[in-house]
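First the structure, in the form of structure tokens, and then the observations on it.
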Amino acid sequence: MQGFAESNNVKKVFFGENSLKKFGKIDILQKTQKRIFILDKFFKNKKNYIKTKIIKKSDLVIYINSDIEPTDILIDNLILKIKKKSFSNSKLVVAFGGGSTLDVGKAISNLLKNKGKASDYQGWDLVKKPGVFKIGIPTLSGTGAESSRTCVLTNYKTGKKLGMNSDFSVYDIIIMDPFLTKTVNKNQYFYSGMDSFIHSFESINGNYKNNISDKYANISKNICEKIFLSKNMKSNQNRSNLMIASYFGGLAIGMSMVGLVHPFSAALSVIFGTKHCISNCIVMRGMKKFYPKEYNLFWKMVAKQKIKIPKLNLKLDSNILNNTSKNLIKSTVVHYKPLTNALGKNFRRILTNKKIIEIFNKF
Ligand code: NAD
Ligand code: ZN
């Protein structure tokens, strides 16, 4: 086990049922003019959430269509919009939503202080300066975007689904109020919750693991197992616990790395547009050999909660590669860091083209 890990953390965390009430009282929120609010589209006409009490006419409100995962182009367009509305000197970004919205919040904050395009910063430690002060309010648990040091963007030009991995991609303040996840539908709640479970076991089973990431990951994984093997995964207690699991899962990944599930999942997102958390669940069909214990646990949880995981039936020829196969392979192996974490630096000896296609055929 390697001993060294470093990461910066969220500066202030509010946690607990109704902690959103404290939000309006936060100093920087009260003192700042020209605030940018980035909200998931689900909250558009839901007045009893954040809108009536906190958002003022002088704020810029942007709604995110989270049915599609954020892209580098979306961020560039939003920055243009922010400039047009004369908000590029804004000192505060607030994001309110699931992983997609939280990631948009981080990317906007970074780009308001760093010149160029979003794609310039996709990679590791490329962001030069701290972004605008940012507050994240998760309304869906699992991705750990609230505590992680990345904001994931799909780039269709390069075929890469890659984050701005940077200390500057960490929220300054987060507000974790389990009340907010009450309205999430059952399937989405499961898919996103599983992201936490998957982050945790990828971290625990990886070469980059260390004592601290292991502790975070084990807490997160144990909480997930308890929730998703219980009768009512969405009880008040379970929703509160899942918020904590998500937070710890994000910290675990910040201190280590994801593994084999994420590169395959990213390829599905880039090539077929399937969303992150459901893609992860689909990829679990091919993970028996690599993560046998977790594979069994995953399918036990799926059965317990009566969740439907889509079947892709790709039927690709693993001997003669067509364009789809070539693109899937390219979009998987581009994630050499997680693959090295999972299988070592010679991962291509195990993941030959033929083997990769055989795995995709299990989906
Ligand atoms: P999401 O943000 O994409 O939202 C999924 C759906 O849930 C949307 O339809 C949204 O409207 C709905 N929703 C959100 N909150 C709701 C609520 N309270 N009630 C009802 N509906 C609600 O989902 P997600 O799974 O949280 O995020 C996925 C994204 O997170 C992907 O883009 C993925 O790449 C990214 N991600 C980021 C990190 C990171 O560390 N930054 C890690 C993993 C994944
Ligand atoms: Zn993930």
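Which whole-number percent gives the relative contact order of the chain, counting Cα pairs below 8 Å spaced six or more residues apart? Write out the running numbers ahead of the final one.
Working: 701 pairs, mean separation 61.5, N = 363.
The value is 17 percent.
Among Leu312, Leu153, Leu39, whose mean-square fluctuation peaks in a Gaussian network model of the chain (Cα, cutoff 10 Å)?
Taking springs between Cα atoms under 10 Å, the residue moving most is Leu312.
Please report Rg over Rh for the chain, where both radii come from the alpha carbon positions and Rh follows the Kirkwood definition. Don't jump to the answer; show the numbers that get you there.
Numbers: Rg = 19.7 Å, Rh = 20.6 Å.
Radius of gyration relative to Kirkwood radius: 0.96.
Take the eigenvalues of the Cα gyration tensor for the stretch 133-252, scale each by 5, and report the square roots as semi-axes in whole Å, largest first.
In descending order, the three semi-axes are 23, 18, 15 Å.
Less than 15 Å from a label point 7 Å out along the Cα-to-Cβ axis of Lys157: which backbone N atoms in the stretch 108-150 qualify, by residue?
116-123
Going down the list Lys117/Lys161; Lys129/Lys330; Lys57/Lys83; Lys44/Lys182; Lys41/Lys186; Lys31/Lys128, which pairs span over 20 Å between their C-alpha atoms? Spell out each step's value before the answer.
Working: Lys117/Lys161 15 Å; Lys129/Lys330 31 Å; Lys57/Lys83 18 Å; Lys44/Lys182 17 Å; Lys41/Lys186 18 Å; Lys31/Lys128 27 Å.
Pairs exceeding the cut-off: Lys129/Lys330; Lys31/Lys128.
Once fully extended, how much extra length lies between Asn65 and Lys31, figured as 0.36 nm per residue of separation less the alpha-carbon to alpha-carbon distance?
Separation in residues times 0.36 nm, less the Cα-Cα distance, equals 9.3 nm.
Using only Cα atoms, locate the centre of the stretch 303-363 and the centre of the stretch 28-70, then give the distance between them in Å, rounded to an integer.
Each part's Cα centre sits 38 Å from the other's.
What net charge is computed for the residues neighbouring Lys128, neighbours being all others with C-beta under 11 Å from the C-beta of Lys128, Lys and Arg scored +1, Asp and Glu -1?
Here the count lands on +1.
If packing is taken as the average number of other Cβ atoms within 10 Å across a peptide's residues, how do 170-176, 110-116 rank, most packed first?
170-176, 110-116
What is the Cα radius of gyration of the stretch 298-363 over 2.2 N^0.38 Å, N being its residue count?
Taking the Cα Rg and dividing by 2.2 N^0.38 Å, one obtains 1.32.
On C-alpha positions alone, give me the angle between the axis of helix 323-333 and the longest principal axis of the chain, in degrees, nearest 10.
70
Note the full-extension length gain between Lys84 and Lys57 as 0.36 nm times their separation in residues minus their Cα-Cα distance, in nm to one decimal.
Between Lys84 and Lys57, full extension yields an extra 8.0 nm.
Just to confirm the number: angle between the C-alpha axis of helix 72-84 and the first principal axis of the chain, 0 to 90 degrees, nearest 10?
It works out to around 10 degrees.
Could you compute the FRET efficiency for Thr352 and Lys293, with r as their C-beta to C-beta distance and R0 at 22 Å, rounded to 0.05?
Details: r = 25 Å, r/R0 = 1.14.
E(calc), rounded to 0.05, equals 0.30.
Mind checking which of Gly142, Gly249, Gly123 has the largest fluctuation in a GNM of the chain, springs on alpha carbons under 10 Å?
Ranking Gly142, Gly249, Gly123 by mean-square fluctuation puts Gly123 first.
Could you rank the peptides 65-73, 156-164, 191-199 by their average count of other C-beta atoms within 10 Å per residue, with the highest value first?
191-199, 156-164, 65-73
Counting only heavy atoms of the protein chains, get the accessible area per residue of the chain (1.4 Å probe) and round it to a whole Å² value.
Result: 44 Å² of accessible area for each residue.
Out of the DSSP beta bridges found with both residues in the chain, what percent are antiparallel (nearest 5)?
Among the beta bridges of the chain, antiparallel pairing accounts for roughly 15 percent.
Along Cα→Cβ, 7 Å out, is where each label goes; now give me the distance between the ones at Lys128 and Ser7 in nm to one decimal.
So the label points at Lys128 and Ser7 sit 2.7 nm apart.
Over all alpha-carbon pairs of the stretch 186-360, lay out the pair-distance distribution in 5 Å bins, whole %, shortest bin first.
It works out to 1, 9, 18, 21, 20, 15, 9, 4, 2, 0, 0, in whole percents.
Can you give me the pair-distance distribution of the stretch 1-146, C-alpha pairs, 5 Å bins, whole percents?
For the stretch 1-146, the binned pair fractions read 2, 9, 18, 23, 21, 14, 8, 3, 1, 1, 0 percent.
For helix 236-255, report the angle its Cα long axis makes with the longest principal axis of the Cα atoms of the chain; keep it between 0 and 90° and round to the nearest 10°.
The two axes meet at around 70 degrees.
Comparing Pro138, Pro263, Pro130, which has the greatest mean-square fluctuation in the GNM of the chain with Cα pairs linked when under 10 Å apart?
Evaluated over the chain, the most mobile residue of the options is Pro130.
For Lys330 and Asp76 in the same chain, what is the full-extension length gain: residue separation times 0.36 nm, less their Cα-Cα distance, in nm?
Taking Lys330 through Asp76 to full extension adds about 88.9 nm, to one decimal.
Of all DSSP beta bridges in the stretch 12-181, what percent run antiparallel (nearest 5)? Before the final figure, lay out each step's value.
Details: 4 of 29 bridges.
Bridges in the stretch 12-181 are about 15 percent antiparallel.
Using the Kirkwood radius over C-alpha pairs as Rh, can you work out the diffusion coefficient of the stretch 94-134 via Stokes-Einstein at 20 °C, viscosity 1.002 mPa s, in µm² per second?
Taking Rh from Cα pairs, D becomes 203 µm²/s.
Rounded to a whole number, what % of the accessible area of the stretch 186-360 do carbon and sulfur atoms account for, probe 1.4 Å?
Here carbon and sulfur together make up 53 percent of the probe-accessible area.
Using the Karplus equation 6.51 cos²θ - 1.76 cosθ + 1.60 (θ = phi - 60°), what ³J(HN,Hα) coupling, rounded to whole Hz, does each residue of the stretch 196-206 give in order, writing x for Gly and Pro?
Couplings: 5, 4, 5, 3, 5, 6, 5, 5, 4, 8, x Hz.
The values are calculated or read from the model by the stated rules, or taken from the named source; none is laboratory data. Just so it is clear, the model here is predicted, and its values are computed rather than measured. Counting neighbours? That spans all protein chains shown, and the Cβs are built from the backbone with ideal geometry, glycine included. Ligands, DNA and RNA are stripped out before the accessible areas are found, and what is left, the full protein with its side chains, is counted by its heavy atoms. Shrake-Rupley method; radii C 1.70, N 1.55, O 1.52, S 1.80 Å.
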